[in-house]
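Take a look at the structure below.
The values are calculated or read from the model by the stated rules, or taken from the named source; none is laboratory data. Since we're looking at a predicted model, the values are computed, not measured. Positions of Cβ are backbone-derived with ideal geometry, glycine not excepted, and every protein chain shown enters the neighbour counts.
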């Protein structure tokens, strides 16, 4: 039986997404799965109207098949691991559950012919249910002294002159107790929406989440090789999709996968106990999410205080999310994408240096 090792997981994920790409794009076009550009997007994006969307299915199918191959080659027969090593199953199911939510949103948007899918509260409720099921699994399989602990400073890093000077001589971890679970649910939903909001320019989200996935793979592999392999399969699948999503994009990811990516990586980080590292690696996505939250909050406050016209004239950002702000500042789309990739690469490197010392 084929053993899906680390390199082959990456390569298999890539090929399963890249090779059928053109046929998938043709099929999506025939099914009228076309992108409806939001009125809030810059006017330059109107040329993208009608581009096939829901291409994230390539990523999810590739990831699922590669994961099944891995489980078949390492979790069954003579290579079978202990039952509690099968964290891949709930992680994959969580990823696919959020993918299903995004698929429903994309389907409704395409059917209605405008950027109007699930209502915000409907989408949030579905995300809370899907994330809640994963959290329930964590509760059921909780391990004392591990599950509810979050490592803030790893031992390898703490054992350096800088930290010894301030009295830190070992790893620093905090036990959140029962609070870990509701915070974990917020983390999964928040991460899902952060990667979703980041998906707004050709190749932007794809490139950033590849780096996040590779960083997550390196972080969790020592403790959980299965989860590390999963992250590499995900990185490969996203890279295969990026082959077709690079500027000028022939297909868009859609909520079908942009919601799933963040949820899947959050689930991996919780199962692999590398929450802080993955949060650092995903700094760009959090910046995108917070830019929207800040924009909306300050607009409402200023509107209430001094009226609509004042609120419109004193926006914090020229346009949110953050990538649109830089477009309004005069950056070309490709400039925004590449520069955001650079920052994402730096964030991923910092997460590895910090968490692995």
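Overview of values
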| item | result |
| --- | --- |
| Of all residues making up the range 238-254, the number that are buried (at least 16 other Cβ atoms within 10 Å of the Cβ), under 13 Å from residue 337 (Cα atoms) and touching a residue at least 40 places away in the same chain (Cβ under 8 Å) | 2 |
| Matching option when the condition is surrounded by fewer than 24 Cβ atoms within 10 Å (Cβ to Cβ), over 14 Å from residue 200 (Cβ atoms), at pLDDT below 95 and within 21 Å of the chain's Cα centre (by Cα), among 342, 346, 294, 350 | 350 |
| Out of 185, 179, sole residue that is modelled with pLDDT of 95 or more, farther than 20 Å from residue 288 by Cα and out of contact with any strand residue (DSSP E or B) (no Cβ under 9 Å at 6 or more places or on another chain) | 179 |
| Some residue of the range 303-310 being in a loop (DSSP other than H, G, I, E, B), under 24 Å from the mean Cα position of the chain (by Cα) and either free of Cβ contacts under 8 Å to residues at least 24 places away in the same chain or surrounded by 11 or more Cβ atoms within 10 Å (Cβ to Cβ) (or both) | no |
| Members of the range 22-35 found to be in contact (Cβ under 8 Å) with a residue 12 or more places away in the chain, closer than 18 Å to residue 103 by Cβ and part of a helix (DSSP H, G or I), listed by number | 24, 25, 28, 29 |
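Residue by residue, here is whether (1) more than 21 Å from residue 350 (Cβ to Cβ); (2) touching a helix residue (DSSP H, G or I) at 6+ places or on another chain (Cβ under 9 Å); (3) assigned to a helix (DSSP H, G or I) holds:
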| residue | (1), (2), (3) |
| --- | --- |
| 241 | yes, yes, yes |
| 244 | yes, yes, yes |
| 257 | yes, yes, yes |
| 264 | yes, yes, yes |
| 318 | yes, yes, no |
| 334 | yes, no, yes |
